[in-house]
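The values are calculated or read from the model by the stated rules, or taken from the named source; none is laboratory data. What you see is a predicted model; the values in this text were computed from it and never measured. Glycine also receives a Cβ, built like all others from the backbone with ideal geometry; neighbour counts cover every protein chain displayed. These accessible areas exclude ligands, DNA and RNA; they are computed on the full protein's heavy atoms, side chains included. Shrake-Rupley method; radii C 1.70, N 1.55, O 1.52, S 1.80 Å.
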Amino acid sequence: MATTEGTLASYRAEAEERGVPLSRVFLDGESRQSGKRPEVLEALMLERMNVMRQAVARGLAHPQRSRSGLVRGDAARMEAWIEGGGSLLGPAFSRLVAAALSVAEVNACMGRIVASPTAGACGVLPAALFRVAAEKGCTDEALVRAFFTAGGIGLCIEKLASLSGAEGGCQAEVGSASAMAAGALVELMGGTPAQVDHAVAFALANVMGLICDPVKGLVEVPCVKRNAMGAVNAAACAEMALAGMESVFPADAVIETMGKVGRRIPEEYRETARGGLAALPVPACETCGQGNFCS
Amino acid sequence: MGIFDIIGPVMVGPSSSHTAGAVRIGAFARKLLGEEPASAAIGLHGSFAATGEGHGTPLALLAGLLGMDPDDEGIPAAREIALERGLAFRFETVDLGEVHPNSVRLDLAQDGAELTVSASSVGGGRIRVFDIDGFQVDLDGVYPTVLLAYPDRAGAVAMVTTILSNAGMNIATIKAHRASRGGQALMSVELDHTPTAGVLNALRHLPHIDQVRFVPRLGFGG
Ligand code: SF4
């Protein structure tokens, strides 16, 4: 197995050798690099988690409206749908979707969020981790560890590929967030480092080639709903790995491939808002017939 | 790059480049000016002009000028706060030439002091200041930075490094920028640690140094 520095395989090898979860390896690495004690770093992560929690709550409780009008309270709408008993697969699934929408909407509407790994993809991790933790009764300590796993996976992707939509398309943003969340969920549920690796590989493989095509150049459409997709994909991939499915390719190879594909995505599909959905004319507002979505 | 660059920064949305980076550019300029500007002409270039409004870029730049950090929930209200505090601002679209698409030129004034800063938001909230009062610089606000204006002459850099090294200050980068040989020059010094008031004073008292300005390390918020 290739264990070049900075690859997920190298962290995994260290975790297996020491008999500790991946989060421990990432936390110790961060502690060495920053010169800060692990307890200090854990407290900092908890602070960030709390910012994320506020963002989840805010969008569900108060319909958000963006300056362009393209984002208008879908998280609150989803919440009402759950309250009305509409959930197709039970409320747990719908709440996962609602939480991702909520954070992404708060971001679109100039609210406070944690970029993870980017502002555009900020809804994926909090939705996946908080919702599964709530369903399974996980502690904050376990959640803090899972967020270190997520961050460490993000570091690997940053090193081997890219986390930027302008460089690699949406696969690098929402896709990376989804892979980080998938791996973190596996650890949260007590999976092995090898299973984390499989979940990361599944999640990125599922969004391979996804372009970045923000309508009007704004982080609103399709971005907010792609966050919901990222969270759902993360949960599905974590479950597949926990159920014992194995990826044909190791995560590092899938990450590197994502990076290669990203570099070959034409520029009009990399955040320039010149292609994909961004190239479609936005329909006029139904109420006034003039601006877009002004009602 | 560490885990808190991945799970972070804490910021007000929607975009690390169009919002968080814009706040940091405004904050850099305010700190360089040394106080809150009385007036600001804000020239938006490229994508800052084209999609800035929907990203809150004008609000973010104003917020930075008003002293807010990228995670300040007051950012959406920056226009009202500026009006309240008597900061006269004006936005225009400008063409800064072959620069990064997310760029801006800030013309600031306060009490007769004037300052022009041009900078780009280069991704992830990181910035690059490329012009200060017509001098081409290359600063990112990650280090505490000292800027010295002086008439270009031999020995100025040596005098500055002597004071800094005597004070035990490690220099990350030092660069002299000049408009023309023998004309006015600008020295930028990025330090590993924040200099004391004593060190800044010693620099101010150097012969032939017209002006010493200091920009502390820019936070990311959260
Ligand atoms: S479409 Fe582009 S801007 Fe929107 S979330 Fe994806 S990468 Fe970010």
Condition check: over 28 Å from A:VAL144 (Cβ atoms) and either open to solvent by less than 20 Å² (accessible area, probe 1.4 Å) or not charged (D, E, K, R) (or both). Does A:ALA80 satisfy that? yes
Any chance the stretch B:157-180 includes a residue that's open to solvent by 60 Å² or more (accessible area, probe 1.4 Å), touching a residue at least 24 places away in the same chain (Cβ under 8 Å), of a type in the set (Gly, Ala, Ser) and closer than 30 Å to B:SER47 by Cα? yes
Which of the following residues is of a type in the set (S, T, N, Q) and closer than 16 Å to B:VAL10 by Cα: A:THR149, A:THR139, A:THR118? A:THR118
Looking at the stretch A:242-287 only, could you name the residues that are open to solvent by less than 30 Å² (accessible area, probe 1.4 Å) and of a type in the set (S, T, N, Q)? A:SER247
What are the pairs with Cβ atoms under 6 angstrom where one residue, in the stretch A:217-236, is closer than 20 Å to A:ALA146 by Cβ and the other, located anywhere, is within 8 Å of the ligand (Cβ to nearest atom) and not small (Gly, Ala, Ser)? Sequence gap at least six, or different chains. A:GLY230/A:VAL174
Report, ordered by the first and then the second residue, all pairs with beta carbons closer than 7 Å, sequence separation of six or more or different chains, a first member in the stretch A:148-163 that is over 11 Å from A:ALA184 (Cα atoms) and β-branched (Val, Ile, Thr), and a second member that is open to solvent by less than 10 Å² (accessible area, probe 1.4 Å) and in a helix (DSSP H, G or I). A:ILE157/A:SER176; A:ILE157/A:ALA179; A:ILE157/A:ILE255
Taking into account only those residues within the stretch A:137-161 that are small (Gly, Ala, Ser) and part of a helix (DSSP H, G or I), which is farthest from the ligand (Cβ to nearest atom)? A:ALA142
I need every pair where a residue in the stretch A:31-49 that is more than 7 Å from chain B (Cβ to nearest Cβ) has its Cβ under 8 Å from the Cβ of a residue that is outside any loop (DSSP other than H, G, I, E, B) and polar (S, T, N, Q), sequence separation at least 6 or different chains. A:ARG37/A:SER31; A:PRO38/A:SER31; A:LEU41/A:SER31; A:LEU41/A:SER34
The number of residues in the stretch A:147-164 that are open to solvent by 10 Å² or more (accessible area, probe 1.4 Å) and within 9 Å of chain B (Cβ to nearest Cβ) is 5
The stretch B:54-91, residues that are within 17 Å of A:ASN107 (Cβ to Cβ) and open to solvent by less than 10 Å² (accessible area, probe 1.4 Å): B:HIS55, B:GLY56, B:THR57, B:LEU59, B:ALA60, B:ALA63, B:PRO70, B:ILE75
Working only within the stretch A:213-256, note down all residues that are more than 25 Å from A:PHE130 (Cβ to Cβ), outside any loop (DSSP other than H, G, I, E, B) and within 16 Å of the ligand (Cβ to nearest atom). A:VAL215, A:LYS216, A:GLY217
Which numbered condition in (1) under 19 Å from B:GLN136 (Cα atoms); (2) open to solvent by less than 40 Å² (accessible area, probe 1.4 Å) is the only one that B:ASP210 fails? (2)
Identify the residue in the stretch A:179-199 that is more than 14 Å from chain B (Cβ to nearest Cβ) and under 12 Å from the mean Cα position of the chain (by Cα) and, among all such residues, is nearest to the ligand (Cβ to nearest atom). A:ALA182
Complete set of residues in the stretch A:5-51 that are in a loop (DSSP other than H, G, I, E, B), surrounded by 13 or more Cβ atoms within 10 Å (Cβ to Cβ) and among the charged types (D, E, K, R): A:LYS36
Matching residues, the stretch A:39-59, being in contact with an Asp or Glu (Cβ under 7 Å, 6 or more places away or on another chain) and more than 19 Å from A:ALA133 (Cβ to Cβ): A:LEU41
For A:LEU185, indicate whether it is part of a helix (DSSP H, G or I) and crowded, with 24+ Cβ neighbours inside 10 Å. yes
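Would you confirm, using the coordinates I've provided, whether B:ALA78 is within 14 Å of chain A (Cβ to nearest Cβ), modelled with pLDDT of 95 or more and over 30 Å from A:GLU42 (Cα atoms)?
Taking the combined requirement at face value, the residue satisfies it.
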Is it the case that A:CYS138 is within 12 Å of another protein chain (Cβ to nearest Cβ), of a type outside the set (Lys, Arg) and farther than 23 Å from A:THR272 by Cβ? no
Out of all the residues in the stretch A:72-89, which are more than 22 Å from the chain's Cα centre (by Cα) and not charged (D, E, K, R)? A:ALA80, A:TRP81, A:ILE82, A:GLY84, A:GLY85, A:GLY86, A:SER87, A:LEU88
Index of the failed condition, A:ARG58 passing every other in (1) more than 12 Å from chain B (Cβ to nearest Cβ); (2) under 22 Å from A:PRO91 (Cα atoms); (3) of a type in the set (Lys, Arg): (1)
Applying the selection to the stretch A:201-212, what residues are closer than 18 Å to A:VAL248 by Cβ and either within 16 Å of the ligand (Cβ to nearest atom) or within 14 Å of chain B (Cβ to nearest Cβ) (or both)? A:ALA203, A:LEU204, A:ASN206, A:VAL207, A:MET208, A:GLY209
Among A:SER164, A:SER116, which is out of contact with any Ser or Thr (no Cβ under 9 Å at 6 or more places or on another chain) and within 14 Å of the ligand (Cβ to nearest atom)? A:SER116
Looking at the structure I just gave you, is A:VAL97 in contact with a Ser or Thr (Cβ under 9 Å, 6 or more places away or on another chain), among the β-branched types (Val, Ile, Thr) and assigned to a helix (DSSP H, G or I)? no
